[in-house]
Amino acid sequence: RAVRRLARKPGVAYAEPNYVRELQAIPNDPLFGKLWGLHNTGGGGRRADADIDAPEAWDLSLGDGVVVAVLDTGVNYEHEDLAGQLFLNPGETGMGREDNGIDDDGNGFVDDWRGWDFGVVDGHDGLDLSGPDNDPRDHFGHGTHVSGTIAAAADNGVGIAGVAPKARILPVRLGDYDLNVSRSVRGIKYAHALGAKVANMSYGGWGPSRAELDAIRAASDTLFVIAAGNEGMNVDRERFFPCAYPARNIICVAASTPADRLADFSNYGRNRVDLAAPGTAILSAAWRVQFRRVFTDGFREPLAGTWRRGGTNNTWGRQPVRFPGDPVRKRRPNYALSDSPGKPYRNNADATVTTGPLDLSGGRNCMLNFLFRGRTEPGPDRMLVEVRRSGGPWEEVASYSGRFPVTLGEIDLSAYDGEESLRLRFRLKTDGSVRAPGFVIDSLYLECPSNYMRERGTSMAAPHVAGAAALLMAHDPSLTPFEARAKLVGSADRRPSFRRTIAGGRLNAAAALTYEDAQPPETSVVAFKRVGKRGARIRLGADELVRRYECRLDEAPFAKCPKNLKLGPLAMGAHVFAARAVDAFGNTDPTPAVRRFRIR
């Protein structure tokens, strides 16, 4: 009405509501665009919005102060995106208590100011030889990758961003190849004692352990986020632990793909696996520098699929060659790139051979390496190596003229670190006088050291949920682990491809933060089986997570009952069994499920 009234006034060109605008911040971390699990814009086989809506969630919570224990292979606590993200034990921090050799807080662990290492000798090369101690450094890589997904620093201008960038990681190193239930139990108890509200357990196996289950249940105010496993199996039938334990403070996570489908390797289960989360091609922190081959070509295949020719008098192609170290006898010749295969190059040439765009994002101190040999007229005739940023001019990074024996070309491309669309080309320039054999190039690769790496697995899916749980608990500290689990499951984005999970969907962190469940559950009698002449076995179910079931027989009052129960011995005659579910938020089914039967 106000708009219409104002629009009629003389001198008003138009009137419209003053709509509210909300900040939609995207962090300045250069690799954020690679984190499809947090923010998926589609393209390249990806489905737009097949993500957890992290930027939308960050408008409401960043996970401030929530302690997330990472029970794993340790953490590279010197990593640029994790160095400031650790939880520091206040009872062992400050005034030199970090290394005074005293158990200052009396918890049984000396100088455990940044977590604890329960391992002995672990790592790819047996790097940790010190036994259980207060140094939970990662010598394997798994725990660092998990930690980066949960709580890598955001808006620090480097690397990636975690799901809960203001949460704090408690490293609990359980070992690598020798991780077992005993260490798992000790890690669970330690994490709980130090106040972890969330614990990520990206591991599992087939043997159930009462001690492990008892430890999880005893830590009733901690939510345990657990990987479902990578065997592509139904864990309702083939139980995978600790995922399959019947504990309310466990949330078990399957892996989803960028196309919003269940990953082919992921375990699943309609009764045991709660929901899916991104778990393929997940970029996160590396435990040590990774030497990533951005581009490599041994020129064994035709150039057309990789290189594009251009310029004038172009004779670039492949020719068979032998470089030092090549086997004398080979079933197939070794091919190399040549500016003029088998003959002298042409005069007045300005000929190029160019790659497609190369992704240097996340790289540090990128280097181009190749072997070459050959000869040109010194001076005017030369071979150039050039690169071009997206939308920019070609820039010369190397020039070769004259005679060269077999030489290793090493070109520093660190000035182009982080470029997502860099093109590389070789360029032959000649004048109109002398002709020469030209250059032959082989064994080319462009390598970028990086502090980040991609991994896949339900191990990578679980930390997305752990980070989302930290966002929830920072947003509403009164939530119990079961209530947090119910919000994460109830708010999942439903997709048919995730129907083999309890939620039937994939994690949506933003939706979980605003989820309110006022809808009562719907109870069902899933199975009813007569036992003998006067008994029955009953299995109950509901369409959401259930805090408890209440049952009654005939005219008795409703009372708490298990999901699987046995009735009997019963009196002869007709009976009416009724059951109702109560969900995580206290909503009770107003229309109980009823089963009528007769004992004859």
Name every residue in segment 204-213 that is open to solvent by less than 70 Å² (accessible area, probe 1.4 Å) and in a helix (DSSP H, G or I), in order of residue number. Ala211, Glu212, Leu213
Exactly one of (1) touching a Leu at 6+ places or on another chain (Cβ under 9 Å); (2) surrounded by 20 or more Cβ atoms within 10 Å (Cβ to Cβ) is unmet by Ala542. Its number? (1)
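Looking only at segment 452-491, filter to residues that are outside any helix (DSSP H, G or I) and either aliphatic (A, V, I, L, M) or in contact with a Lys or Arg (Cβ under 7 Å, 6 or more places away or on another chain) (or both); which one of those is most open to solvent (accessible area, probe 1.4 Å)? Steps first, answer last, please.
Filtering segment 452-491 for residues outside any helix (DSSP H, G or I) gives 452-457, 476-480, 491.
Checking which are either aliphatic (A, V, I, L, M) or in contact with a Lys or Arg (Cβ under 7 Å, 6 or more places away or on another chain) (or both) leaves us with 453, 479.
Values: Met453: 37, Leu479: 16 Å².
Only one residue tops the list, namely Met453.
If only one of Ile226, Ile160, Ile188 is in contact with a strand residue (DSSP E or B) (Cβ under 6 Å, 6 or more places away or on another chain), among the β-branched types (Val, Ile, Thr) and open to solvent by less than 10 Å² (accessible area, probe 1.4 Å), which one is it? Please lay out each step first, then the result.
Values: Ile160 fails: in contact with a strand residue (DSSP E or B) (Cβ under 6 Å, 6 or more places away or on another chain); Ile188 fails: in contact with a strand residue (DSSP E or B) (Cβ under 6 Å, 6 or more places away or on another chain).
Of the residues listed, the single one that is in contact with a strand residue (DSSP E or B) (Cβ under 6 Å, 6 or more places away or on another chain), among the β-branched types (Val, Ile, Thr) and open to solvent by less than 10 Å² (accessible area, probe 1.4 Å) is Ile226.
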Please work out which residue is farthest from Val158 (Cα to Cα), limiting yourself to segment 384-423 and to residues that are assigned to a loop (DSSP other than H, G, I, E, B) and among the hydroxyl-bearing types (Ser, Thr, Tyr). Ser401
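Filtering segment 139-197 down to residues that are among the β-branched types (Val, Ile, Thr) and part of a strand (DSSP E or B), which residue is farthest from Leu38 (Cα to Cα)? Can you show your working first?
At the first step, the residues of segment 139-197 found to be among the β-branched types (Val, Ile, Thr) are 144, 146, 149-150, 158, 160, 163, 169, 172, 181, 185, 188.
If we keep only those that are part of a strand (DSSP E or B) too, we end up with 169, 172.
Details: Ile169: 19, Val172: 25 Å.
Looking at the filtered set, the residue picked out is Val172.
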Considering only residues of segment 108-122 that are surrounded by 13 or more Cβ atoms within 10 Å (Cβ to Cβ) and more than 23 Å from Gln85 (Cα to Cα), which is modelled with the lowest pLDDT? Asp122
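Okay, residues lined up against (1) touching a Gly at 6+ places or on another chain (Cβ under 8 Å); (2) closer than 28 Å to His39 by Cα:
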residue: Val397; (1), (2): no, no
residue: Ser401; (1), (2): yes, no
residue: Tyr416; (1), (2): no, yes
residue: Asn451; (1), (2): yes, yes
residue: Thr458; (1), (2): yes, yes
residue: Ala466; (1), (2): no, yes
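Only one of these is at pLDDT below 95 and open to solvent by less than 30 Å² (accessible area, probe 1.4 Å): Arg292, Arg288, Arg183. Name it.
Arg183
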Taking segment 492-526, which residues are assigned to a strand (DSSP E or B), open to solvent by less than 30 Å² (accessible area, probe 1.4 Å) and under 22 Å from Gly586 (Cβ atoms)? Thr523
What are the residue pairs meeting all of these: first residue in segment 81-95, first residue free of Cβ contacts under 8 Å to residues at least 40 places away in the same chain and open to solvent by less than 20 Å² (accessible area, probe 1.4 Å), second residue among the acidic types (Asp, Glu) and not in a loop (DSSP other than H, G, I, E, B), Cβ atoms under 9 Å, and 6 or more apart or on different chains? Glu92/Glu98
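Pull up segment 359-386, narrow it to residues that are among the acidic types (Asp, Glu) and within 21 Å of Ser421 (Cβ to Cβ), then point me to the one that is most open to solvent (accessible area, probe 1.4 Å).
To start, the set of residues in segment 359-386 that are among the acidic types (Asp, Glu) comprises 359, 377, 381, 386.
If we keep only those that are within 21 Å of Ser421 (Cβ to Cβ) too, we end up with 359, 386.
Working: Asp359: 49, Glu386: 10 Å².
Within segment 359-386, the match that is most open to solvent (accessible area, probe 1.4 Å) is Asp359.
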Within segment 306-340, the count of residues that are open to solvent by 60 Å² or more (accessible area, probe 1.4 Å) and modelled with pLDDT under 85 comes to 10
Out of all the residues in segment 58-70, is one or more aromatic (Phe, Trp, Tyr) and in a loop (DSSP other than H, G, I, E, B)? no
Given the conditions (1) at pLDDT 95 or above; (2) open to solvent by 30 Å² or more (accessible area, probe 1.4 Å); (3) in contact with a Gly (Cβ under 7 Å, 6 or more places away or on another chain); (4) not small (Gly, Ala, Ser), report the number of the one that Tyr345 does not fulfil. (2)
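The values are calculated or read from the model by the stated rules, or taken from the named source; none is laboratory data. Note that this is a predicted model, so its numbers are computed, not measured. In this analysis, Cβ positions are derived from the backbone assuming ideal geometry, glycine residues included, and neighbour counts consider all displayed protein chains. Side chains are part of the model used for accessible areas, which takes the heavy atoms of the whole protein and leaves out ligands, DNA and RNA. Shrake-Rupley method; radii C 1.70, N 1.55, O 1.52, S 1.80 Å.
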